[in-house]
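Trainee: Below: one structure in structure tokens.
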Amino acid sequence: MTAKILILEDEENLQEIFTRALRRAGHETVSAYTLAEGRRCLQESAFDILLCDMRLPDGDGLMLLREFQDTLRAAGTRVVVVSAEPQYADMSEELGVEFFLTKPVSLQMLNTLLTRLLSR
């Protein structure tokens, strides 16, 4: 199954790696590098999966998850948090985050995880 995935990640290299890997797996991706871009994307379109970094140049990914919590649930968007800081794992759980991945992320693990999410 293919998915429409919003990748909210400010590190250009990582954004590019995620984008290439997910497109190679047949998914449609949209890239956002800041909270402002992420907000705009979520207001303009629905996504199957949100791959969300926590530390962004203009704020914290948790702010976005709180702001769009109801919208994401209503759209059935699955949320995966990617962060180098494990303290976000507990905080993000209450906001409907299904998986928390600690950086560096294995692309094989990411693909396996997304396949499982999409098959539910």
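Rundown of residues vs (1) touching a Leu at 6+ places or on another chain (Cβ under 7 Å); (2) in contact (Cβ under 8 Å) with a residue 24 or more places away in the chain; (3) basic (Lys, Arg), yes/no style:
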| site | (1), (2), (3) |
| --- | --- |
| 2 | no, yes, no |
| 5 | yes, yes, no |
| 22 | no, yes, no |
| 33 | no, yes, no |
| 43 | no, no, no |
| 58 | yes, yes, no |
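Trainee: So is residue 81 in contact with a Cys (Cβ under 9 Å, 6 or more places away or on another chain) and touching a residue at least 12 places away in the same chain (Cβ under 8 Å) or not? Quick ask: steps written out before the conclusion?
Mentor: Numbers: in contact with a Cys (Cβ under 9 Å, 6 or more places away or on another chain): yes; touching a residue at least 12 places away in the same chain (Cβ under 8 Å): yes.
Spelling it out, residue 81 is indeed in contact with a Cys (Cβ under 9 Å, 6 or more places away or on another chain) and touching a residue at least 12 places away in the same chain (Cβ under 8 Å).
Trainee: Let me ask something else about it. Could you tell me whether any residue of the range 98-110 is surrounded by 20 or more Cβ atoms within 10 Å (Cβ to Cβ), aliphatic (A, V, I, L, M), modelled with pLDDT under 95 and in a strand (DSSP E or B)? Lay out the reasoning, then the answer.
Mentor: Of the residues in the range 98-110, the ones surrounded by 20 or more Cβ atoms within 10 Å (Cβ to Cβ) are 110.
From what is left, the residues that are aliphatic (A, V, I, L, M) are 110.
Filter once more, keeping what is modelled with pLDDT under 95: 110.
Pick out the ones that are also in a strand (DSSP E or B) and you get none.
No, every residue in the range 98-110 fails to be surrounded by 20 or more Cβ atoms within 10 Å (Cβ to Cβ), aliphatic (A, V, I, L, M), modelled with pLDDT under 95 and in a strand (DSSP E or B).
Trainee: Against the condition of a type outside the set (Lys, Arg) and farther than 18 Å from residue 81 by Cβ, how does residue 69 come out, does it pass?
Mentor: Details: of a type outside the set (Lys, Arg): yes; farther than 18 Å from residue 81 by Cβ: no.
It is false that residue 69 is of a type outside the set (Lys, Arg) and farther than 18 Å from residue 81 by Cβ.
Trainee: Can you name every residue in the range 1-20 that is among the polar types (S, T, N, Q), surrounded by fewer than 17 Cβ atoms within 10 Å (Cβ to Cβ) and closer than 16 Å to residue 112 by Cα? Before you say what the answer is, go through the steps one by one.
Mentor: The initial filter retains those residues of the range 1-20 that are among the polar types (S, T, N, Q), namely 2, 13, 15, 19.
Pick out the ones that are also surrounded by fewer than 17 Cβ atoms within 10 Å (Cβ to Cβ) and you get 2, 13.
Within the range 1-20, just 2 meets the criteria.
Trainee: Can you tell me which residue is farthest from residue 66 (Cα to Cα) among those in the range 76-97 that are assigned to a loop (DSSP other than H, G, I, E, B) and more than 11 Å from the chain's Cα centre (by Cα)? Walk me through how you get there before you give the answer.
Mentor: Of all residues in the range 76-97, those assigned to a loop (DSSP other than H, G, I, E, B) come to 76-77, 84-87, 94-96.
Within this subset, residues satisfying the condition of being more than 11 Å from the chain's Cα centre (by Cα) are 76, 84-87, 94-96.
Working: 76: 15, 84: 20, 85: 18, 86: 18, 87: 17, 94: 10, 95: 7, 96: 9 Å.
The qualifying residue farthest from residue 66 (Cα to Cα) is 84.
Trainee: Hey, among the residues in the range 70-89 that are touching a strand residue (DSSP E or B) at 6+ places or on another chain (Cβ under 9 Å) and loosely packed, with under 15 Cβ neighbours inside 10 Å, which one's modelled with the highest pLDDT? Walk me through how you get there before you give the answer.
Mentor: Narrowing the range 70-89 to residues touching a strand residue (DSSP E or B) at 6+ places or on another chain (Cβ under 9 Å): 72, 77-86, 88-89.
Applying the additional criterion that residues be loosely packed, with under 15 Cβ neighbours inside 10 Å yields 84-86.
Details: 84: 86, 85: 83, 86: 78.
Applying the filter and picking the extreme gives 84.
Trainee: Shifting gears a bit: What number of residues within the range 37-68 are assigned to a helix (DSSP H, G or I) and either among the hydrophobic types (A, V, I, L, M, F, W, C) or farther than 26 Å from residue 112 by Cβ (or both)? Write out each step before concluding.
Mentor: Here is the first cut: in the range 37-68, the ones assigned to a helix (DSSP H, G or I) are 37-44, 61-67.
Next, from what is left, pick out any that are either among the hydrophobic types (A, V, I, L, M, F, W, C) or farther than 26 Å from residue 112 by Cβ (or both): 37, 39-44, 62-67.
Residues flagged as assigned to a helix (DSSP H, G or I) and either among the hydrophobic types (A, V, I, L, M, F, W, C) or farther than 26 Å from residue 112 by Cβ (or both) within the range 37-68 amount to 13.
Trainee: From 36, 46, which residue is exposed (fewer than 15 other Cβ atoms within 10 Å of the Cβ), touching an Asp or Glu at 6+ places or on another chain (Cβ under 8 Å) and not β-branched (Val, Ile, Thr)? Before the answer, list the steps.
Mentor: On the way: 46 fails: touching an Asp or Glu at 6+ places or on another chain (Cβ under 8 Å).
Residue meeting the stated conditions: 36.
Trainee: Within the range 67-75, can one find any residue that is aromatic (Phe, Trp, Tyr), within 18 Å of residue 3 (Cβ to Cβ) and without any contact (Cβ under 8 Å) to a residue 60 or more places away in the chain?
Mentor: Narrowing the range 67-75 to residues aromatic (Phe, Trp, Tyr): 68.
Subsequent filtering for residues that are within 18 Å of residue 3 (Cβ to Cβ) retains 68.
Within this subset, residues satisfying the condition of being without any contact (Cβ under 8 Å) to a residue 60 or more places away in the chain are 68.
Looking through the range 67-75, at least one residue is aromatic (Phe, Trp, Tyr), within 18 Å of residue 3 (Cβ to Cβ) and without any contact (Cβ under 8 Å) to a residue 60 or more places away in the chain.
The values are calculated or read from the model by the stated rules, or taken from the named source; none is laboratory data. Quick caveat: nothing in here was measured; it's all calculated off a predicted structure. Quick reminder, even Gly has a Cβ in these numbers, built from the backbone with ideal geometry, and neighbours come from all protein chains shown.
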